[in-house]
Amino acid sequence: MMAIPAVWVLATAVAVGFAAWTSFGPVVLIFTPTHGVHLGDLVAAAGAYVAAAIVTGDIRRRSRRTASL
């Protein structure tokens, strides 16, 4: 069952990577004068985590089906 943590680590890496290398949209949260969270960062994180949730559900469904055989 190491696939599920790997999916969530990958989703987090995508979200952090997007936030680190882009600056799409307005700043919605300011940390310092040169660092903050852009609206695009939140959209990318939401997309990555929704995809991870879908993949996690699929993995769990497949493992339940295989265990019952």
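The values are calculated or read from the model by the stated rules, or taken from the named source; none is laboratory data. Model, not experiment: these values are computed from the prediction. Cβ sites come from the backbone with ideal geometry, for glycine too, and all protein chains shown count toward neighbours.
Give A45, A11, A52, A19 a once-over and let me know the one that is surrounded by 12 or more Cβ atoms within 10 Å (Cβ to Cβ), modelled with pLDDT under 95 and either outside any helix (DSSP H, G or I) or in contact with a helix residue (DSSP H, G or I) (Cβ under 8 Å, 6 or more places away or on another chain) (or both).
Just a single option satisfies the conditions, and that option is A19.
Mind checking which residues of segment 1-34 are in contact with an Asp or Glu (Cβ under 6 Å, 6 or more places away or on another chain) and aromatic (F, W, Y)?
None; the set is empty.
If I ask for residues that are in contact with a Gly (Cβ under 8 Å, 6 or more places away or on another chain), part of a strand (DSSP E or B) and under 29 Å from V55 (Cα atoms), which ones from segment 29-42 would you list?
If the condition is that a residue be in contact with a Gly (Cβ under 8 Å, 6 or more places away or on another chain), part of a strand (DSSP E or B) and under 29 Å from V55 (Cα atoms), then H38 is the only one that fits.
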